[in-house]
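The values are calculated or read from the model by the stated rules, or taken from the named source; none is laboratory data. None of these values were measured; they are calculated from a predicted model. Positions of Cβ are generated from backbone atoms using ideal geometry, with glycine treated the same way; all protein chains shown enter the neighbour counts. What goes into the accessible areas is simple: the full protein's heavy atoms, side chains included, and nothing from ligands, DNA or RNA. Shrake-Rupley method; radii C 1.70, N 1.55, O 1.52, S 1.80 Å.
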Protein chains: 2
Amino acid sequence: MKPRKIAIQGIEGSNHHKVASEYFGQGIELVECMSFTGLVDSLLEGKAEKGVMAIENSIAGSIIPNYNLVCDNGLHIIGEHYLNVHHHLMALPGQRLEDIRVVRSHPMALLQCGDYLKEKPQMTVVEDADTAEPARKIAREQLKGVGAIAPALAAELFGLEILASEIQTINNNATRFIIVKTVNKEWPRDAINKASMRFLTDHKRGSLATVLNVMSDCNLNLTKIQSLPVIDTPWKYSFFVDVTFEAYAQFEKAKSLLAIMTEDFRVLGEYKNARI
Amino acid sequence: MKPRKIAIQGIEGSNHHKVASEYFGQGIELVECMSFTGLVDSLLEGKAEKGVMAIENSIAGSIIPNYNLVCDNGLHIIGEHYLNVHHHLMALPGQRLEDIRVVRSHPMALLQCGDYLKEKPQMTVVEDADTAEPARKIAREQLKGVGAIAPALAAELFGLEILASEIQTINNNATRFIIVKTVNKEWPRDAINKASMRFLTDHKRGSLATVLNVMSDCNLNLTKIQSLPVIDTPWKYSFFVDVTFEAYAQFEKAKSLLAIMTEDFRVLGEYKNARI
(Lines give C-alpha, C1' and ligand atoms only; values in the text may rest on other atoms or scores of the structure.)
Protein backbone atom coordinates (compact mmCIF):
# COMPACT_ATOMS: atom_id res chain seq x y z
CA MET A 1 0.00 0.00 0.00
CA LYS A 2 1.25 3.46 -0.86
CA PRO A 3 2.06 5.45 2.29
CA ARG A 4 -0.39 8.23 3.01
CA LYS A 5 1.03 11.72 2.67
CA ILE A 6 0.42 13.68 5.86
CA ALA A 7 1.30 17.37 6.09
CA ILE A 8 2.61 18.57 9.46
CA GLN A 9 3.71 21.94 10.81
CA GLY A 10 7.44 21.51 11.38
CA ILE A 11 9.73 18.60 10.65
CA GLU A 12 10.27 15.03 11.86
CA GLY A 13 10.80 14.95 15.60
CA SER A 14 8.24 17.71 16.25
CA ASN A 15 5.05 17.38 18.27
CA HIS A 16 3.08 17.41 15.03
CA HIS A 17 5.12 14.40 13.93
CA LYS A 18 4.26 12.63 17.20
CA VAL A 19 0.57 13.32 16.66
CA ALA A 20 0.70 12.12 13.04
CA SER A 21 2.31 8.84 14.19
CA GLU A 22 -0.14 8.31 17.04
CA TYR A 23 -3.20 9.15 14.94
CA PHE A 24 -2.32 7.42 11.65
CA GLY A 25 0.04 4.70 12.89
CA GLN A 26 2.68 3.26 10.55
CA GLY A 27 2.90 3.79 6.79
CA ILE A 28 2.80 7.55 6.52
CA GLU A 29 5.03 9.89 4.57
CA LEU A 30 5.53 13.28 6.23
CA VAL A 31 5.11 16.47 4.20
CA GLU A 32 7.09 18.95 6.31
CA CYS A 33 5.74 22.52 6.30
CA MET A 34 7.38 25.47 8.02
CA SER A 35 4.14 27.36 8.64
CA PHE A 36 0.45 26.62 9.06
CA THR A 37 -0.24 28.57 5.86
CA GLY A 38 2.26 26.31 4.08
CA LEU A 39 0.42 23.30 5.48
CA VAL A 40 -2.87 24.54 4.05
CA ASP A 41 -1.20 25.19 0.68
CA SER A 42 0.18 21.65 0.57
CA LEU A 43 -3.37 20.33 1.01
CA LEU A 44 -4.91 22.68 -1.55
CA GLU A 45 -2.18 21.82 -4.06
CA GLY A 46 -2.68 18.11 -3.50
CA LYS A 47 0.85 17.55 -2.19
CA ALA A 48 -0.59 16.00 0.96
CA GLU A 49 -3.80 14.10 1.59
CA LYS A 50 -4.40 15.14 5.19
CA GLY A 51 -2.87 17.63 7.59
CA VAL A 52 -2.21 17.80 11.34
CA MET A 53 -2.71 21.19 12.97
CA ALA A 54 -2.44 22.34 16.61
CA ILE A 55 -5.65 24.15 17.49
CA GLU A 56 -5.70 24.85 21.24
CA ASN A 57 -3.97 24.15 24.52
CA SER A 58 -4.72 24.64 28.18
CA ILE A 59 -2.25 27.51 28.54
CA ALA A 60 -2.69 29.79 25.57
CA GLY A 61 -6.25 28.86 24.64
CA SER A 62 -7.35 28.65 21.01
CA ILE A 63 -4.99 29.25 18.13
CA ILE A 64 -7.44 31.56 16.39
CA PRO A 65 -5.36 32.06 13.23
CA ASN A 66 -5.65 28.31 12.60
CA TYR A 67 -9.42 28.39 12.99
CA ASN A 68 -9.45 31.14 10.41
CA LEU A 69 -7.19 29.13 8.09
CA VAL A 70 -9.61 26.19 8.25
CA CYS A 71 -12.62 28.43 7.73
CA ASP A 72 -11.22 30.69 4.99
CA ASN A 73 -9.79 27.84 2.91
CA GLY A 74 -12.84 25.59 3.10
CA LEU A 75 -10.98 22.79 4.88
CA HIS A 76 -12.82 20.12 6.84
CA ILE A 77 -11.93 18.85 10.28
CA ILE A 78 -12.12 15.07 10.08
CA GLY A 79 -10.55 14.17 13.40
CA GLU A 80 -8.91 15.36 16.60
CA HIS A 81 -6.07 14.14 18.81
CA TYR A 82 -4.82 15.18 22.24
CA LEU A 83 -1.14 15.17 23.13
CA ASN A 84 0.39 15.93 26.49
CA VAL A 85 3.25 18.17 25.48
CA HIS A 86 6.67 17.79 27.13
CA HIS A 87 9.50 20.21 26.49
CA HIS A 88 13.19 19.46 26.89
CA LEU A 89 16.27 21.63 26.43
CA MET A 90 18.77 19.80 24.23
CA ALA A 91 22.20 20.52 22.77
CA LEU A 92 25.26 18.80 21.26
CA PRO A 93 26.63 15.94 23.36
CA GLY A 94 29.25 17.21 25.82
CA GLN A 95 27.73 20.67 26.18
CA ARG A 96 26.86 21.78 29.69
CA LEU A 97 23.88 23.91 30.69
CA GLU A 98 26.19 26.87 31.40
CA ASP A 99 27.56 26.73 27.84
CA ILE A 100 24.17 27.54 26.34
CA ARG A 101 23.82 31.18 25.30
CA VAL A 102 21.02 30.92 22.74
CA VAL A 103 17.81 28.90 23.02
CA ARG A 104 15.77 28.32 19.88
CA SER A 105 12.27 26.91 19.51
CA HIS A 106 8.73 27.54 18.33
CA PRO A 107 7.09 30.59 20.00
CA MET A 108 4.44 28.43 21.67
CA ALA A 109 7.09 26.16 23.20
CA LEU A 110 9.05 29.21 24.41
CA LEU A 111 5.87 30.59 25.98
CA GLN A 112 5.16 27.28 27.69
CA CYS A 113 8.66 27.24 29.20
CA GLY A 114 8.39 30.85 30.36
CA ASP A 115 9.16 30.17 34.04
CA TYR A 116 12.26 28.12 33.25
CA LEU A 117 13.65 30.66 30.78
CA LYS A 118 12.96 33.53 33.16
CA GLU A 119 15.48 32.01 35.58
CA LYS A 120 18.12 31.77 32.83
CA PRO A 121 18.71 35.40 31.85
CA GLN A 122 22.04 34.45 30.24
CA MET A 123 20.12 32.61 27.50
CA THR A 124 18.89 34.65 24.54
CA VAL A 125 15.61 33.33 23.25
CA VAL A 126 15.23 33.05 19.47
CA GLU A 127 11.99 32.13 17.76
CA ASP A 128 11.88 29.47 15.04
CA ALA A 129 9.11 28.08 12.88
CA ASP A 130 9.33 24.72 14.64
CA THR A 131 10.63 22.90 17.72
CA ALA A 132 12.50 20.08 15.99
CA GLU A 133 14.03 22.19 13.22
CA PRO A 134 16.55 24.06 15.44
CA ALA A 135 17.43 20.70 17.04
CA ARG A 136 18.26 19.27 13.61
CA LYS A 137 20.22 22.41 12.72
CA ILE A 138 22.31 22.17 15.91
CA ALA A 139 23.18 18.57 15.02
CA ARG A 140 23.86 19.17 11.30
CA GLU A 141 25.94 22.31 11.76
CA GLN A 142 27.50 21.16 15.06
CA LEU A 143 26.45 24.43 16.70
CA LYS A 144 28.00 24.96 20.12
CA GLY A 145 26.43 27.25 22.71
CA VAL A 146 22.98 26.78 21.16
CA GLY A 147 20.14 24.80 22.67
CA ALA A 148 16.75 23.80 21.29
CA ILE A 149 13.53 23.27 23.20
CA ALA A 150 11.97 20.26 21.54
CA PRO A 151 10.31 16.87 22.15
CA ALA A 152 12.52 13.97 23.33
CA LEU A 153 11.92 12.36 19.91
CA ALA A 154 14.04 15.14 18.33
CA ALA A 155 17.00 14.44 20.66
CA GLU A 156 16.77 10.78 19.72
CA LEU A 157 16.48 11.40 15.96
CA PHE A 158 19.29 13.95 15.75
CA GLY A 159 21.67 12.59 18.40
CA LEU A 160 21.43 15.47 20.86
CA GLU A 161 21.71 15.33 24.64
CA ILE A 162 18.92 16.52 26.93
CA LEU A 163 20.36 19.09 29.38
CA ALA A 164 17.11 19.88 31.17
CA SER A 165 13.99 17.78 30.89
CA GLU A 166 10.32 18.58 31.48
CA ILE A 167 10.90 22.34 31.59
CA GLN A 168 7.30 23.28 30.75
CA THR A 169 5.72 25.62 33.32
CA ILE A 170 2.47 23.67 33.59
CA ASN A 171 2.82 19.92 33.55
CA ASN A 172 -0.59 18.85 32.45
CA ASN A 173 -0.46 20.69 29.14
CA ALA A 174 -2.77 18.80 26.83
CA THR A 175 -2.65 20.26 23.35
CA ARG A 176 -5.51 19.54 20.99
CA PHE A 177 -4.67 18.89 17.35
CA ILE A 178 -7.11 18.63 14.47
CA ILE A 179 -6.83 16.50 11.35
CA VAL A 180 -7.90 18.39 8.24
CA LYS A 181 -8.45 17.67 4.58
CA THR A 182 -10.00 19.40 1.60
CA VAL A 183 -13.05 17.16 1.28
CA ASN A 184 -15.52 16.03 3.89
CA LYS A 185 -15.86 12.36 3.01
CA GLU A 186 -14.52 10.48 5.99
CA TRP A 187 -17.01 8.97 8.39
CA PRO A 188 -20.40 7.25 8.18
CA ARG A 189 -23.12 9.10 10.12
CA ASP A 190 -23.18 6.65 13.01
CA ALA A 191 -19.44 7.06 13.65
CA ILE A 192 -19.76 10.83 14.14
CA ASN A 193 -20.26 12.16 17.68
CA LYS A 194 -18.51 15.54 17.63
CA ALA A 195 -18.67 18.63 15.40
CA SER A 196 -17.07 22.05 15.05
CA MET A 197 -19.10 25.04 13.86
CA ARG A 198 -18.68 28.70 13.12
CA PHE A 199 -21.49 31.25 12.96
CA LEU A 200 -22.17 34.95 13.36
CA THR A 201 -24.77 36.63 15.52
CA ASP A 202 -25.86 40.21 15.90
CA HIS A 203 -25.13 42.07 19.08
CA LYS A 204 -28.69 41.70 20.28
CA ARG A 205 -29.30 40.86 23.88
CA GLY A 206 -29.70 37.14 24.39
CA SER A 207 -28.96 36.11 20.81
CA LEU A 208 -26.20 33.73 21.88
CA ALA A 209 -28.33 32.41 24.76
CA THR A 210 -31.08 31.59 22.25
CA VAL A 211 -28.62 29.69 20.07
CA LEU A 212 -27.28 27.74 23.05
CA ASN A 213 -30.80 26.91 24.17
CA VAL A 214 -31.47 25.34 20.79
CA MET A 215 -28.27 23.31 21.06
CA SER A 216 -29.25 22.17 24.53
CA ASP A 217 -32.77 21.29 23.36
CA CYS A 218 -31.21 19.15 20.62
CA ASN A 219 -29.15 17.32 23.27
CA LEU A 220 -25.82 18.74 22.14
CA ASN A 221 -23.07 19.13 24.75
CA LEU A 222 -20.93 22.21 24.38
CA THR A 223 -17.22 21.42 24.76
CA LYS A 224 -15.85 24.71 23.56
CA ILE A 225 -16.99 28.24 22.79
CA GLN A 226 -15.02 31.24 21.70
CA SER A 227 -16.26 34.61 20.53
CA LEU A 228 -14.31 36.81 18.18
CA PRO A 229 -15.23 40.32 17.10
CA VAL A 230 -15.73 40.44 13.34
CA ILE A 231 -13.08 42.69 11.84
CA ASP A 232 -14.55 45.77 10.14
CA THR A 233 -18.04 45.11 11.50
CA PRO A 234 -18.60 46.63 14.93
CA TRP A 235 -20.99 44.73 17.21
CA LYS A 236 -20.90 41.62 15.11
CA TYR A 237 -19.41 38.51 16.66
CA SER A 238 -18.32 35.24 15.22
CA PHE A 239 -18.40 32.15 17.42
CA PHE A 240 -16.38 29.00 17.18
CA VAL A 241 -18.29 26.24 18.93
CA ASP A 242 -17.56 22.53 19.42
CA VAL A 243 -20.28 20.09 20.46
CA THR A 244 -20.54 16.40 21.23
CA PHE A 245 -23.70 14.30 20.83
CA GLU A 246 -24.93 10.72 20.99
CA ALA A 247 -26.88 10.50 17.76
CA TYR A 248 -26.14 12.21 14.48
CA ALA A 249 -29.85 12.94 14.02
CA GLN A 250 -29.66 15.31 17.03
CA PHE A 251 -26.89 17.27 15.40
CA GLU A 252 -28.70 17.25 12.07
CA LYS A 253 -31.75 18.83 13.67
CA ALA A 254 -29.60 21.48 15.37
CA LYS A 255 -27.83 22.21 12.09
CA SER A 256 -31.03 23.02 10.26
CA LEU A 257 -32.19 25.30 13.09
CA LEU A 258 -28.85 27.08 13.46
CA ALA A 259 -28.62 27.65 9.71
CA ILE A 260 -31.82 29.71 10.01
CA MET A 261 -31.07 31.41 13.35
CA THR A 262 -27.50 32.52 12.73
CA GLU A 263 -25.60 34.18 9.91
CA ASP A 264 -22.89 32.55 7.81
CA PHE A 265 -23.43 29.22 9.56
CA ARG A 266 -20.62 26.81 8.69
CA VAL A 267 -19.91 23.27 9.82
CA LEU A 268 -16.12 23.12 10.02
CA GLY A 269 -16.06 19.40 10.61
CA GLU A 270 -17.93 16.30 11.79
CA TYR A 271 -15.75 13.65 13.40
CA LYS A 272 -15.13 11.24 16.27
CA ASN A 273 -14.66 12.63 19.78
CA ALA A 274 -11.15 11.64 20.87
CA ARG A 275 -11.74 12.35 24.54
CA ILE A 276 -14.14 9.98 26.24
CA MET B 1 0.89 66.85 41.57
CA LYS B 2 3.11 63.80 41.75
CA PRO B 3 3.05 61.88 38.46
CA ARG B 4 1.18 58.61 38.62
CA LYS B 5 3.34 55.53 38.24
CA ILE B 6 1.96 53.36 35.43
CA ALA B 7 3.45 49.92 34.73
CA ILE B 8 3.58 48.89 31.07
CA GLN B 9 4.76 45.79 29.25
CA GLY B 10 7.79 46.96 27.31
CA ILE B 11 9.53 50.32 27.22
CA GLU B 12 8.79 53.86 26.05
CA GLY B 13 7.79 53.89 22.40
CA SER B 14 5.84 50.64 22.67
CA ASN B 15 2.11 50.20 22.05
CA HIS B 16 1.60 49.88 25.80
CA HIS B 17 3.22 53.32 26.16
CA LYS B 18 0.81 54.72 23.55
CA VAL B 19 -2.15 53.28 25.43
CA ALA B 20 -0.89 54.66 28.77
CA SER B 21 -0.57 58.15 27.23
CA GLU B 22 -3.98 58.03 25.57
CA TYR B 23 -5.75 56.65 28.65
CA PHE B 24 -4.05 58.65 31.43
CA GLY B 25 -2.98 61.76 29.48
CA GLN B 26 -0.01 63.80 30.69
CA GLY B 27 1.73 63.50 34.05
CA ILE B 28 2.57 59.82 34.18
CA GLU B 29 5.80 58.09 35.02
CA LEU B 30 6.34 54.81 33.15
CA VAL B 31 7.42 51.70 35.05
CA GLU B 32 8.89 49.59 32.23
CA CYS B 33 8.44 45.83 32.62
CA MET B 34 9.89 43.24 30.28
CA SER B 35 7.13 40.67 30.85
CA PHE B 36 3.49 40.60 31.92
CA THR B 37 4.51 38.68 35.05
CA GLY B 38 6.97 41.49 35.83
CA LEU B 39 4.15 43.98 35.37
CA VAL B 40 1.99 42.14 37.90
CA ASP B 41 4.94 41.99 40.34
CA SER B 42 5.48 45.76 40.06
CA LEU B 43 1.83 46.28 41.09
CA LEU B 44 1.94 43.76 43.93
CA GLU B 45 5.18 45.27 45.24
CA GLY B 46 3.73 48.78 45.08
CA LYS B 47 6.29 50.00 42.52
CA ALA B 48 3.44 51.08 40.26
CA GLU B 49 -0.09 52.23 40.98
CA LYS B 50 -1.80 50.93 37.84
CA GLY B 51 -0.81 48.73 34.94
CA VAL B 52 -1.65 48.54 31.22
CA MET B 53 -2.00 45.06 29.76
CA ALA B 54 -2.91 43.85 26.24
CA ILE B 55 -5.76 41.35 26.58
CA GLU B 56 -7.11 40.50 23.11
CA ASN B 57 -6.96 41.40 19.46
CA SER B 58 -8.93 40.61 16.36
CA ILE B 59 -6.24 38.33 14.93
CA ALA B 60 -5.00 36.12 17.75
CA GLY B 61 -8.03 36.32 20.04
CA SER B 62 -7.68 36.46 23.80
CA ILE B 63 -4.33 36.50 25.51
CA ILE B 64 -5.38 33.79 27.95
CA PRO B 65 -2.17 33.89 30.05
CA ASN B 66 -3.00 37.51 30.91
CA TYR B 67 -6.52 36.62 31.99
CA ASN B 68 -4.95 34.03 34.26
CA LEU B 69 -2.47 36.57 35.63
CA VAL B 70 -5.32 38.92 36.56
CA CYS B 71 -7.34 36.11 38.08
CA ASP B 72 -4.57 34.32 39.98
CA ASN B 73 -3.08 37.49 41.47
CA GLY B 74 -6.36 39.02 42.55
CA LEU B 75 -5.97 42.09 40.33
CA HIS B 76 -8.94 44.23 39.34
CA ILE B 77 -9.75 45.51 35.88
CA ILE B 78 -10.64 49.18 36.31
CA GLY B 79 -10.70 50.24 32.67
CA GLU B 80 -10.21 49.30 29.04
CA HIS B 81 -8.78 50.99 25.97
CA TYR B 82 -8.75 50.10 22.27
CA LEU B 83 -5.78 50.83 20.04
CA ASN B 84 -5.56 50.27 16.31
CA VAL B 85 -2.12 48.74 16.05
CA HIS B 86 0.24 49.76 13.23
CA HIS B 87 3.54 48.04 12.64
CA HIS B 88 6.56 49.54 10.86
CA LEU B 89 9.95 48.10 10.02
CA MET B 90 12.67 50.51 11.18
CA ALA B 91 16.46 50.60 11.17
CA LEU B 92 19.43 52.97 11.46
CA PRO B 93 19.25 55.97 9.12
CA GLY B 94 20.90 55.18 5.78
CA GLN B 95 20.15 51.46 5.90
CA ARG B 96 18.24 50.06 2.94
CA LEU B 97 15.64 47.32 3.06
CA GLU B 98 18.05 44.87 1.39
CA ASP B 99 20.64 45.47 4.14
CA ILE B 100 18.35 44.01 6.80
CA ARG B 101 19.22 40.43 7.71
CA VAL B 102 17.62 40.19 11.17
CA VAL B 103 14.21 41.46 12.23
CA ARG B 104 13.45 41.73 15.94
CA SER B 105 10.15 42.38 17.71
CA HIS B 106 7.55 41.07 20.13
CA PRO B 107 6.10 37.67 19.08
CA MET B 108 2.59 39.14 18.66
CA ALA B 109 3.91 41.86 16.32
CA LEU B 110 5.85 39.25 14.33
CA LEU B 111 2.69 37.16 14.04
CA GLN B 112 0.68 40.16 12.88
CA CYS B 113 3.25 40.88 10.14
CA GLY B 114 3.33 37.27 9.03
CA ASP B 115 2.46 37.93 5.36
CA TYR B 116 5.11 40.62 4.99
CA LEU B 117 7.85 38.54 6.62
CA LYS B 118 6.91 35.50 4.57
CA GLU B 119 7.93 37.41 1.44
CA LYS B 120 11.30 38.32 2.97
CA PRO B 121 12.99 34.94 3.47
CA GLN B 122 16.40 36.66 3.70
CA MET B 123 15.36 38.16 7.05
CA THR B 124 15.82 36.01 10.15
CA VAL B 125 13.08 36.68 12.68
CA VAL B 126 14.13 37.02 16.32
CA GLU B 127 11.68 37.28 19.19
CA ASP B 128 12.06 39.97 21.86
CA ALA B 129 10.11 40.83 24.97
CA ASP B 130 8.92 44.09 23.42
CA THR B 131 8.51 46.02 20.16
CA ALA B 132 10.27 49.24 21.17
CA GLU B 133 13.17 47.61 23.02
CA PRO B 134 14.96 46.23 19.94
CA ALA B 135 14.42 49.65 18.28
CA ARG B 136 16.20 51.35 21.19
CA LYS B 137 18.94 48.73 21.11
CA ILE B 138 19.56 49.27 17.38
CA ALA B 139 19.93 53.01 18.03
CA ARG B 140 22.11 52.71 21.15
CA GLU B 141 24.45 50.07 19.79
CA GLN B 142 24.32 51.40 16.20
CA LEU B 143 23.44 47.92 14.96
CA LYS B 144 23.64 47.59 11.18
CA GLY B 145 21.72 44.92 9.29
CA VAL B 146 19.13 44.71 12.06
CA GLY B 147 15.56 45.97 11.86
CA ALA B 148 12.84 46.30 14.49
CA ILE B 149 9.08 46.05 13.98
CA ALA B 150 7.67 48.72 16.26
CA PRO B 151 5.24 51.66 16.47
CA ALA B 152 6.15 54.91 14.66
CA LEU B 153 6.61 56.49 18.11
CA ALA B 154 9.69 54.30 18.64
CA ALA B 155 11.33 55.50 15.39
CA GLU B 156 10.69 59.06 16.50
CA LEU B 157 12.01 58.57 20.05
CA PHE B 158 15.16 56.67 19.06
CA GLY B 159 15.98 58.39 15.75
CA LEU B 160 15.43 55.44 13.46
CA GLU B 161 14.20 55.48 9.88
CA ILE B 162 11.07 53.63 8.77
CA LEU B 163 11.96 51.33 5.85
CA ALA B 164 8.52 49.80 5.40
CA SER B 165 5.37 51.19 6.96
CA GLU B 166 2.03 49.58 7.78
CA ILE B 167 3.29 46.05 7.30
CA GLN B 168 0.59 44.39 9.41
CA THR B 169 -1.31 41.68 7.56
CA ILE B 170 -4.76 42.86 8.63
CA ASN B 171 -5.23 46.60 8.70
CA ASN B 172 -8.11 46.97 11.08
CA ASN B 173 -6.32 45.33 13.99
CA ALA B 174 -7.91 46.78 17.10
CA THR B 175 -6.16 45.54 20.20
CA ARG B 176 -7.97 45.74 23.50
CA PHE B 177 -5.95 46.71 26.56
CA ILE B 178 -7.09 46.56 30.17
CA ILE B 179 -6.07 48.83 33.02
CA VAL B 180 -5.42 46.89 36.24
CA LYS B 181 -4.67 47.63 39.86
CA THR B 182 -4.54 45.73 43.12
CA VAL B 183 -7.62 47.29 44.70
CA ASN B 184 -11.09 47.77 43.30
CA LYS B 185 -11.85 51.33 44.39
CA GLU B 186 -12.19 53.31 41.22
CA TRP B 187 -15.68 54.16 40.03
CA PRO B 188 -19.00 55.08 41.61
CA ARG B 189 -21.80 52.64 40.76
CA ASP B 190 -23.47 54.90 38.24
CA ALA B 191 -20.28 55.27 36.19
CA ILE B 192 -19.97 51.51 35.70
CA ASN B 193 -21.49 49.95 32.57
CA LYS B 194 -19.20 47.03 31.78
CA ALA B 195 -17.82 44.08 33.74
CA SER B 196 -15.53 41.09 33.30
CA MET B 197 -16.24 37.80 35.06
CA ARG B 198 -14.81 34.33 35.40
CA PHE B 199 -16.73 31.26 36.51
CA LEU B 200 -16.72 27.48 36.26
CA THR B 201 -19.54 25.20 35.20
CA ASP B 202 -19.91 21.47 35.13
CA HIS B 203 -20.06 19.64 31.85
CA LYS B 204 -23.79 19.20 32.10
CA ARG B 205 -25.92 19.72 29.06
CA GLY B 206 -27.25 23.25 28.89
CA SER B 207 -25.43 24.59 31.94
CA LEU B 208 -23.88 27.46 30.01
CA ALA B 209 -27.17 28.16 28.22
CA THR B 210 -28.84 28.48 31.63
CA VAL B 211 -26.20 30.96 32.78
CA LEU B 212 -26.56 33.01 29.59
CA ASN B 213 -30.33 33.02 29.95
CA VAL B 214 -29.96 34.57 33.40
CA MET B 215 -27.64 37.22 32.00
CA SER B 216 -30.10 37.98 29.23
CA ASP B 217 -33.00 38.13 31.71
CA CYS B 218 -30.99 40.68 33.73
CA ASN B 219 -30.54 42.79 30.57
CA LEU B 220 -26.82 42.16 30.28
CA ASN B 221 -25.26 42.26 26.79
CA LEU B 222 -22.56 39.72 26.18
CA THR B 223 -19.53 41.26 24.45
CA LYS B 224 -17.12 38.39 24.87
CA ILE B 225 -17.10 34.74 25.86
CA GLN B 226 -14.29 32.28 25.98
CA SER B 227 -14.24 28.77 27.40
CA LEU B 228 -11.11 27.14 28.71
CA PRO B 229 -10.78 23.55 29.91
CA VAL B 230 -9.77 23.50 33.57
CA ILE B 231 -6.33 21.92 33.83
CA ASP B 232 -6.32 18.69 35.84
CA THR B 233 -10.13 18.52 35.97
CA PRO B 234 -11.61 16.78 32.96
CA TRP B 235 -15.05 18.02 31.85
CA LYS B 236 -14.82 21.16 33.89
CA TYR B 237 -14.73 24.46 32.00
CA SER B 238 -13.91 27.94 33.06
CA PHE B 239 -15.48 30.84 31.19
CA PHE B 240 -14.25 34.37 30.76
CA VAL B 241 -17.23 36.58 30.00
CA ASP B 242 -17.55 40.34 29.45
CA VAL B 243 -20.92 42.08 29.63
CA THR B 244 -22.23 45.60 29.20
CA PHE B 245 -25.35 47.00 30.89
CA GLU B 246 -27.28 50.21 31.36
CA ALA B 247 -27.85 50.17 35.11
CA TYR B 248 -25.54 48.79 37.76
CA ALA B 249 -28.54 47.29 39.58
CA GLN B 250 -29.04 44.90 36.64
CA PHE B 251 -25.50 43.65 36.97
CA GLU B 252 -25.84 43.41 40.75
CA LYS B 253 -28.87 41.15 40.37
CA ALA B 254 -27.03 38.95 37.85
CA LYS B 255 -24.02 38.75 40.17
CA SER B 256 -26.02 37.35 43.05
CA LEU B 257 -27.67 34.77 40.79
CA LEU B 258 -24.42 33.72 39.07
CA ALA B 259 -22.64 33.37 42.40
CA ILE B 260 -25.19 30.66 43.27
CA MET B 261 -25.46 29.04 39.83
CA THR B 262 -21.78 28.74 38.98
CA GLU B 263 -18.63 27.64 40.77
CA ASP B 264 -15.73 29.90 41.73
CA PHE B 265 -17.60 32.96 40.49
CA ARG B 266 -15.26 35.96 40.33
CA VAL B 267 -15.79 39.52 39.17
CA LEU B 268 -12.50 40.47 37.54
CA GLY B 269 -13.46 44.08 37.14
CA GLU B 270 -16.25 46.67 36.91
CA TYR B 271 -15.48 49.64 34.69
CA LYS B 272 -16.54 52.00 31.91
CA ASN B 273 -17.18 50.61 28.44
CA ALA B 274 -14.66 52.26 26.11
CA ARG B 275 -16.45 51.29 22.92
CA ILE B 276 -19.74 53.02 22.37
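Among the residues of the stretch A:113-149, those identified as under 22 Å from A:Ile8 (Cα atoms) and facing chain B (nearest Cβ under 10 Å) are A:Val126, A:Glu127, A:Asp128, A:Ala129.
In summary, B:Ser216 fulfils each of the numbered conditions (1) touching an Asp or Glu at 6+ places or on another chain (Cβ under 7 Å); (2) polar (S, T, N, Q); (3) at pLDDT 90 or above with the single exception of condition (1). Among the residues making up the stretch A:1-11, those that are open to solvent by 20 Å² or more (accessible area, probe 1.4 Å) and at pLDDT below 95 are A:Met1, A:Lys2, A:Pro3, A:Arg4. Just one residue in the set B:Ser35, B:Ser21 is more than 19 Å from B:Arg275 (Cα to Cα) and in contact with a strand residue (DSSP E or B) (Cβ under 8 Å, 6 or more places away or on another chain); that residue is B:Ser35.
Listed by position, the strands (runs of 3 or more DSSP E) contained in the stretch B:152-209 that have at least 2 residues being within 30 Å of B:Asp115 (Cα to Cα) and not hydrophobic (A, V, I, L, M, F, W, C) are B:174-181.
Looking only at the stretch A:127-150, decide whether some residue is without any contact (Cβ under 8 Å) to a residue 24 or more places away in the chain and part of a strand (DSSP E or B). Yes, there is a match, as at least one residue in the stretch A:127-150 is without any contact (Cβ under 8 Å) to a residue 24 or more places away in the chain and part of a strand (DSSP E or B). You will find that of A:Ser207, A:Ser227, the residue that is closer than 30 Å to A:Lys50 by Cα, within 14 Å of another protein chain (Cβ to nearest Cβ) and without any contact (Cβ under 8 Å) to a residue 24 or more places away in the chain is A:Ser227 and no other.
Go through the stretch A:70-103 and give me each residue that's open to solvent by 10 Å² or more (accessible area, probe 1.4 Å), within 12 Å of chain B (Cβ to nearest Cβ) and at pLDDT 90 or above. Listed by number, the residues that qualify are A:Tyr82, A:Val102.
Being within 10 Å of chain A (Cβ to nearest Cβ) and closer than 24 Å to B:Trp187 by Cβ narrows it down to one of B:Glu56, B:Glu49, so name that one.
B:Glu56
Here A:Ile28 meets each of (1) touching a Pro at 6+ places or on another chain (Cβ under 9 Å); (2) within 20 Å of B:Val125 (Cβ to Cβ); (3) hydrophobic (A, V, I, L, M, F, W, C) with one exception, condition (2).
If the requirement is being β-branched (Val, Ile, Thr) and within 30 Å of B:Ile6 (Cα to Cα), which of these qualifies: B:Thr201, B:Thr182, B:Thr262, B:Thr210? Before you say what the answer is, go through the steps one by one.
Values: B:Thr201 fails: within 30 Å of B:Ile6 (Cα to Cα); B:Thr262 fails: within 30 Å of B:Ile6 (Cα to Cα); B:Thr210 fails: within 30 Å of B:Ile6 (Cα to Cα).
Selected residue: B:Thr182, the only one of B:Thr201, B:Thr182, B:Thr262, B:Thr210 that is β-branched (Val, Ile, Thr) and within 30 Å of B:Ile6 (Cα to Cα).
Contact map, the stretch A:158-174: first residue touching a residue at least 12 places away in the same chain (Cβ under 8 Å) and within 14 Å of another protein chain (Cβ to nearest Cβ), second residue aromatic (Phe, Trp, Tyr) and surrounded by fewer than 17 Cβ atoms within 10 Å (Cβ to Cβ), Cβ cut-off under 8 Å, separation 6 or more or different chains; pairs are A:Ala174/A:Tyr82. Considering only residues in the stretch B:197-207 that are of a type outside the set (Ser, Thr, Tyr) and open to solvent by 10 Å² or more (accessible area, probe 1.4 Å), the one that is farthest from A:Ser216 (Cα to Cα) turns out to be B:Arg198. With respect to being in contact with a Phe, Trp or Tyr (Cβ under 9 Å, 6 or more places away or on another chain) and either away from chain A (no Cβ under 14 Å) or open to solvent by less than 60 Å² (accessible area, probe 1.4 Å) (or both), B:Ala259 fits the description. Evaluating B:Lys2 against the criteria (1) within 11 Å of another protein chain (Cβ to nearest Cβ); (2) part of a loop (DSSP other than H, G, I, E, B) leaves one unmet condition, (1). Regarding the stretch B:35-46, can at least one residue be identified that is at pLDDT below 90 and either in contact with a Pro (Cβ under 8 Å, 6 or more places away or on another chain) or away from chain A (no Cβ under 14 Å) (or both)? Yes, that holds for at least one residue.
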